[in-house]
1. Identify all residues within segment 397-425 that are surrounded by fewer than 16 Cβ atoms within 10 Å (Cβ to Cβ), in contact with a helix residue (DSSP H, G or I) (Cβ under 9 Å, 6 or more places away or on another chain) and touching a residue at least 24 places away in the same chain (Cβ under 8 Å); write none if there are none.
2. Among the residues of segment 317-327, is there at least one that is buried (at least 21 other Cβ atoms within 10 Å of the Cβ) and under 24 Å from residue 40 (Cα atoms)?
3. Just give me the residues in segment 8-28 being of a type outside the set (A, V, I, L, M, F, W, C) and near the ligand (Cβ under 9 Å from one of its atoms), in sequence order.
4. If we scan segment 426-434, do we find a residue that is touching a strand residue (DSSP E or B) at 6+ places or on another chain (Cβ under 6 Å) and of a type outside the set (S, T, N, Q)?
5. Return the only residue of 161, 155, 190 being under 21 Å from residue 304 (Cβ atoms) and within 16 Å of the ligand (Cβ to nearest atom).
6. I need every pair where a residue in segment 123-137 that is touching a residue at least 12 places away in the same chain (Cβ under 8 Å) has its Cβ under 7 Å from the Cβ of a residue that is among the acidic types (Asp, Glu) and within 16 Å of the ligand (Cβ to nearest atom), sequence separation at least 6 or different chains.
7. Looking at the structure I just gave you, is residue 35 near the ligand (Cβ under 9 Å from one of its atoms), surrounded by fewer than 17 Cβ atoms within 10 Å (Cβ to Cβ) and over 27 Å from residue 425 (Cα atoms)?
8. Return the residue satisfying two criteria in turn: it lies in segment 94-144 and is basic (Lys, Arg) and more than 23 Å from the chain's Cα centre (by Cα), and of such residues it is nearest to residue 361 (Cα to Cα).
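The values are calculated or read from the model by the stated rules, or taken from the named source; none is laboratory data. Keep in mind the model is a prediction, meaning the values are calculated, not measured. Backbone-built Cβ (ideal geometry, glycine too); neighbour counts: all protein chains shown.
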Amino acid sequence: MAVTVIGGGLAGTECALVLADAGVEVRLVAQKPVKRSPAHKLDTLAELVCSNSLRSDNPENAVGLLHEELRRLGSPVLEEADKARVPAGDALAVDRDLFGKALTARAFSHPKISLVREECAALPEGPDFVVLATGPLTGESLAADLVKAIGAERLAFYDALAPIVQGDTVDRSIAFAQSRYGKGGGDDYLNLPLNKDEYERFVGELLAGQKVAAHDFEEARYFEGCLPIEVMAERGRDVLAYGPMKPVGLRDPRTGLQPHAVVQLRREDVAGTAWNLVGFQTRLTWPEQKRIFGACIPGLQQAEWVRLGQVHRNTFLHGPSAIAVDGSLHARPHVFPAGQITGVEGYVESAAHGHLTARRILARLEGRQLADPPGTTALGALVRHVTGAAHPEGHDYQPSNVIYALFEPLVGRHKKHDRKTKMMERARVALQQWGALAGVKVREVPERKAAVPVVAAELPKSDPTTRMVEG
Ligand SMILES: Cc1cc2nc3c(=O)[nH]c(=O)nc-3n(C[C@H](O)[C@H](O)[C@H](O)COP(=O)(O)OP(=O)(O)OC[C@H]3O[C@@H](n4cnc5c(N)ncnc54)[C@H](O)[C@@H]3O)c2cc1C
């Protein structure tokens, strides 16, 4: 059986190479240079469309841990990233040309891979397995065919990310726990009350704050249901107070009164370590979000951010309802979505998801189902995100980088500064155990070393116009 991989990006290239290295015939359909998305410029596979950074390489950081796990699993993308590394402090940044060319050469010269340079306009029929790895800018015809297969409500074309704050950095002397009209558990939300002056000051800063310019291919067309807060504020100074900041059904227990406006925080993870600012999707630049939210929203003065808000062109499936436990599409069981189209976000996360998809298909070809990596590992945290297991019920599914809030929470109480080390140590053991159970080779890798200069540095930018998460 040959496996068709559609899309030669981070996920598709990783998936194709892992399958081929295991002896599977792969047909890799990559549309460049015949056709390219507005963001893709190079002819090579695995193109890094923006920043040349794969973010922090420190394994105490969730993405650094994901790097380590991919190295331990023998990921071709990580192997070539390490070879093309440029000095960038804590980050794994690469010479994008060397990186892309090396992966392209590997795929071109691989005896098990046939590279087909064409656009795929429709999902191929089964029964042979198909990997759908066409990324955030999936071609229109293919996206239309996908909608036919799964239903329009399960495919989004824009993300709308509200910021997420670390729960223990919210000032609980200001926040009060309450649901609107006492619905649900009665205290499901945390509410940050604003008086009229505070609200006016916030709206003023929001209107004046610096915004991220839209790319040419991003229309200033938003779904009414998820307008950025600054767009709402432009429509009228009171619009937010009647929209996401409406105070109706809430009473501040300290005053006994309804506040003028509120910012509501909703749990992002079951354990409540991370809280989402409800309805606060925004195109403010990241430094402006930190400054304005910290200065103008009572209770967020000391906020540490798990994620900041953004709105991007981004084609992605509703993972929890569209994708089955074995990673295939419910509606087309021979099709395995991989990478960013599943709702993971970022170069490394997409490559990791491509790797996992290859492993799942290899297991299927052996007549078994791959056990999911444990939710205590970074790879397993991505699975918890895509399946929805990491999120509370009714959660608005949006793309996510790998973050510790997606992991299974630590058992017991731990000092804040010990938590990341504990999670890293737990993940290292868990990956080893999973490998033994799932029949996946997990190798020893040396502890992370300082960056080795390979070529002249092109340092990663902490540029708010990118999707790069700092740190
Ligand atoms: C403007 C922009 C900036 C970004 N900046 C960053 C950043 O700084 N850091 C970061 O970590 N992530 C960034 N991302 C996200 C990052 O690009 C993705 O996470 C990652 O590339 C996704 O990998 P993928 O393999 O799923 O998709 P991609 O890497 O996009 O690969 C998909 C491939 O499929 C091809 N394709 C699409 N449709 C078809 C078709 N019908 N037939 C055949 N081939 C097709 C595309 O040409 C592409 O080569 C950015 C994304 C965009 C759009």
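1. 416
2. Checked against the condition, which is being buried (at least 21 other Cβ atoms within 10 Å of the Cβ) and under 24 Å from residue 40 (Cα atoms), segment 317-327 yields at least one hit.
3. 8, 9, 12, 13, 14
4. For segment 426-434, residues touching a strand residue (DSSP E or B) at 6+ places or on another chain (Cβ under 6 Å) and of a type outside the set (S, T, N, Q): absent.
5. 161
6. 123/145
7. Considered against the rule, which asks whether it is near the ligand (Cβ under 9 Å from one of its atoms), surrounded by fewer than 17 Cβ atoms within 10 Å (Cβ to Cβ) and over 27 Å from residue 425 (Cα atoms), residue 35 comes out as yes.
8. Per the criteria, the residue is 112.
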